[in-house]
RNA sequence: GGGGUAGUAGUUAAGUUGGUUAUAACGCCGGCCUGUCACGCCGGAGGCCGCGGGUUCGAGUCCCGUCUACCCCGCCA
């Protein structure tokens with residue numbers, strides 16, 4: 001081994017060799033991906049991170065020409081005894097053994113393999129060194145495997161040898177490098193913020209870290225660098241970025257992990273447009289570096305389109321519309337009011353509440369919206385009912401009122417067919433553009449519920465119609481800024497809570513409404529959406545302590561309370577805070593979209609399961625009582641036996 | 001916290017109405033093979049049917065519970 005590592009340095013990676021390397025002596029290191037023993041002739045597919053090269057063990061082979069670039073004097077490139085020994089050793093090698101190979105590159109002639117980058121050549125082995133044996137791998141290491149993800153995660157170090165994951169992690173590297181390079185070139189400083197920090201209530205649940213030095217007290221793992229990056233602005237660093245791990249102790253999804261990485265940015269003396277320009281430049285740089293798509297062709301003016309939050313909710317039913325396809329929702333509340341319900345009892349009830357002032361048009365208590373399943377979708381009645389059943393999981397969802405539109409515009413297969421007035425039916429058909437054969441899906445209820453149901457229905461139908469793939473980008477890249485959502489949200493008890501967080505600046509025209517009509521106050525907040533996935537979000541912050549106090553008051557947070565929770569930030573804002581704003585881009589999600597991966601787990605080296613468990617290492621785990629008492633803790637967990645107790 | 005799907009050999013799956021010794025492919029082990037490249041041919045080993053209980057003459061199959069993973073709602077930027 002010493003001879004190989006010390007004297008025979010690697011000359012190439014396994015993906016490097018090409019036809020014009022023929023005749024050259026080379027040294028490769030790697031893993032034996034496959035072995036084909038023909039009896040008297042053995043082939044290895046030798047694999048390293050750059051690719052695969054075929055290595056041949058042929059005891060009868062003799063070089064027909066002097067070898068170029070011999071390695072070392074007095075150490076001939078071809079020694080028949082050594083070649084024979086290498087062949088005998090190759091007979092015993094198994095897949096995934098780690099080996100070094102010395103040999104001569106030869107053109108494969110008629111045996112060339114066109115689907116392999118190195119397929120024109122092979123290495124005739126003159127020497128073989130086995131660095132390590134390997135147990136038979138628990139999972140197949142082929143590019144496409146059907147192993148259960150549970151098994152793959154348990155043997156993550158094997159799974160990571162597979163080409164898709166090798167590619168995904170390399171893409172992460174390229175993404176990160178491009179982001180660093182671009183943001184640095186734009187004058188942003190890469191500064192670090194604390195990971196263990198002060199617990200702040202509200203927002204995402206924090207992971208709690210007990211303090212050994214402060215008995216009974218706890219740190220929290222940062223759910224984001226939000227407060228600290230604002231303090232950087234207060235301190236005059238002007239423009240900051242960080243590629244930073246964040247931690248949230250919430251339930252997980254395919255696009256949600258307990259620890260994840262953000263490209264975090266904050267800037268001073270900027271407005272919304274300035275943030276957009278920087279992020280658009282960043283995204284362009286990342287796409288160029290990773291070769292994911294030619295964005296300058298798709299967005300010639302190098303800007304992404306913008307849509308107000310309200311328009312997004314109205315047309316698509318959510319704040320992260322997948323704009324790769326149309327099939328928009330139809331807002332019918334006004335029409336229903338105009339027709340006083342049009343004979344449909346459910347809608348008459350809604351119309352009368354608007355008429356008697358129970359509901360306000362500006363902030364409606366209930367809405368009526370529709371989605372049209374085009375005849376072209378060719379969905380059977382059963383399939384439509386199947387889709388509707390899928391909406392049942394949305395809490396508060398009461399079901400759809402469906403109507404199949406006939407040749408003459410009449411409705412059938414509908415609970416409303418008999419009661420709806422002709423004029424209202426015609427008006428509805430016209431407003432929704434419903435054509436004969438289409439299925440009109442009507443939903444009445446609280447805006448959040450109606451929108452949740454219809455936006456899900458829209459995506460389901462889009463997928464069923466093949467307008468978007470079940471996962472991946474499908475070759476389309478639709479970016480969108482969704483801007484200016486409401487600052488406050490009804491808390492259901494006559495008060496208000498912050499829709500996102502309390503440090504977002506209300507739009508200038510709405511400052512007066514903070515006290516008088518909070519529900520209508522919009523703010524300088526923005527989300528970047530790609531193909532219906534929320535890539536990131538940010539805001540222009542509230543840098544004015546006076547306005548901040550008014551916002552807190554509307555939220556029912558007293559000065560003393562605010563001081564206790566956010567004291568250092570409020571103090572800092574009073575110490576001379578510049579106008580500032582920023583954004584955080586979900587790096588994992590971006591990597592997922594760029595790579596076409598179906599889940600975040602495929603672009604994170606060592607992900608957790610939906611239960612937050614690392615199947616490979618077994619984290620989280622019990623700790624010894626002594627370790628607990630050192631941090632002044634005792635577990636109250638009753639279920640399960642603690643083997644260390 | 002709630003809903004859904006799945007769990008059988010190392011891996012992926014089949015297993016009919018509850019009925020003899022639980023199948024197959026890949027992988028693994030042994031043998032043969034000098035141009036393979038998903039090499040081929042011959043032979044072989046390999047099972048707590050997730051776990052625990054129940055029904056039954058008899059359970060992979062039916063019932064109850066439980067664990068694990070995945071997808072979704074709630075939650076979450």
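What the table shows:
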item	result
Any chance residue A:94 is under 20 Å from residue A:162 (Cβ atoms), within 14 Å of RNA strand B (Cβ to nearest atom), under 47 Å from the mean Cα position of the chain (by Cα) and surrounded by fewer than 20 Cβ atoms within 10 Å (Cβ to Cβ)	yes
Subset of region A:580-617 (residues that are assigned to a loop (DSSP other than H, G, I, E, B), modelled with pLDDT under 95, in contact with a helix residue (DSSP H, G or I) (Cβ under 8 Å, 6 or more places away or on another chain) and closer than 26 Å to residue A:183 by Cβ)	A:597
Every residue from region A:429-469 that is touching a strand residue (DSSP E or B) at 6+ places or on another chain (Cβ under 7 Å), away from RNA strand B (no atom under 15 Å from the Cβ), over 20 Å from residue A:386 (Cβ atoms) and part of a helix (DSSP H, G or I)	A:429, A:431, A:432
Test result for residue A:420, buried (at least 16 other Cβ atoms within 10 Å of the Cβ), in contact with a strand residue (DSSP E or B) (Cβ under 6 Å, 6 or more places away or on another chain), touching a residue at least 24 places away in the same chain (Cβ under 8 Å) and not in a strand (DSSP E or B)	no
Selected residue (criterion: nearest to RNA strand B (Cβ to nearest atom)) from residues of region A:268-294 that are in contact with a helix residue (DSSP H, G or I) (Cβ under 7 Å, 6 or more places away or on another chain) and over 16 Å from residue A:585 (Cα atoms)	A:268
Single residue of A:412, A:455, A:395 found to be over 35 Å from the mean Cα position of the chain (by Cα) and either surrounded by fewer than 16 Cβ atoms within 10 Å (Cβ to Cβ) or farther than 19 Å from residue A:350 by Cα (or both)	A:412
Some residue of region A:596-612 being crowded, with 16+ Cβ neighbours inside 10 Å, over 27 Å from residue A:174 (Cα atoms) and within 15 Å of RNA strand B (Cβ to nearest atom)	yes
Residue in region A:470-491 that is surrounded by the fewest Cβ atoms within 10 Å (Cβ to Cβ), counting only those that are near RNA strand B (Cβ under 10 Å from one of its atoms) and in a loop (DSSP other than H, G, I, E, B)	A:471
Residue count for region A:570-590, restricted to those that are in contact (Cβ under 8 Å) with a residue 40 or more places away in the chain and either surrounded by fewer than 19 Cβ atoms within 10 Å (Cβ to Cβ) or more than 16 Å from RNA strand B (Cβ to nearest atom) (or both)	8
Residue match in region A:173-185 (condition: more than 28 Å from residue A:633 (Cβ to Cβ), without any contact (Cβ under 8 Å) to a residue 60 or more places away in the chain, within 16 Å of RNA strand B (Cβ to nearest atom) and in a helix (DSSP H, G or I))	no
Count of region A:366-384 residues which are surrounded by 13 or more Cβ atoms within 10 Å (Cβ to Cβ) and either touching a helix residue (DSSP H, G or I) at 6+ places or on another chain (Cβ under 7 Å) or assigned to a helix (DSSP H, G or I) (or both)	13
Region A:23-46, subset in a loop (DSSP other than H, G, I, E, B) and in contact with a strand residue (DSSP E or B) (Cβ under 8 Å, 6 or more places away or on another chain), residue modelled with the lowest pLDDT	A:23
Some residue of region A:311-325 being outside any loop (DSSP other than H, G, I, E, B), over 30 Å from the mean Cα position of the chain (by Cα) and either at negative phi or away from RNA strand B (no atom under 16 Å from the Cβ) (or both)	no
Every residue from region A:508-525 that is assigned to a loop (DSSP other than H, G, I, E, B) and more than 25 Å from residue A:359 (Cα to Cα)	A:524
Residue list for region A:28-46, filter: within 12 Å of RNA strand B (Cβ to nearest atom) and closer than 20 Å to residue A:112 by Cβ	A:33, A:34, A:36, A:38, A:41, A:42, A:43, A:44, A:45, A:46
Unique match (being more than 16 Å from RNA strand B (Cβ to nearest atom) and more than 30 Å from residue A:506 (Cα to Cα)) among A:633, A:593, A:615	A:633
Criterion (in contact with a strand residue (DSSP E or B) (Cβ under 7 Å, 6 or more places away or on another chain) and either over 26 Å from residue A:486 (Cβ atoms) or assigned to a loop (DSSP other than H, G, I, E, B) (or both)) met by exactly one of A:402, A:360	A:402
Test set (1) over 24 Å from the mean Cα position of the chain (by Cα); (2) in a helix (DSSP H, G or I); (3) more than 16 Å from RNA strand B (Cβ to nearest atom) - residue A:230 fails condition number	(3)
Residue that is nearest to residue A:611 (Cα to Cα), among those in region A:234-267 that are part of a strand (DSSP E or B) and either at pLDDT below 95 or near RNA strand B (Cβ under 10 Å from one of its atoms) (or both)	A:253
Subset of region A:492-512 [more than 10 Å from RNA strand B (Cβ to nearest atom) and within 24 Å of residue A:273 (Cα to Cα)]	A:502, A:503, A:505, A:506, A:507, A:508, A:509, A:510, A:511, A:512
Members of region A:201-226 that are out of contact with any strand residue (DSSP E or B) (no Cβ under 7 Å at 6 or more places or on another chain) and crowded, with 17+ Cβ neighbours inside 10 Å	A:226
Hits in region A:143-166 (condition: surrounded by fewer than 15 Cβ atoms within 10 Å (Cβ to Cβ), touching a residue at least 40 places away in the same chain (Cβ under 8 Å) and over 18 Å from residue A:96 (Cα atoms))	A:149, A:150
Cβ pairs under 6 Å, 6+ apart, first in region A:89-117 and closer than 17 Å to residue A:59 by Cα, second assigned to a helix (DSSP H, G or I)	A:105/A:21
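The values are calculated or read from the model by the stated rules, or taken from the named source; none is laboratory data. Note that the structure is predicted; figures quoted are calculated from it, not measured. All Cβ positions, glycine included, derive from the backbone under ideal geometry; neighbour counts span all protein chains shown.
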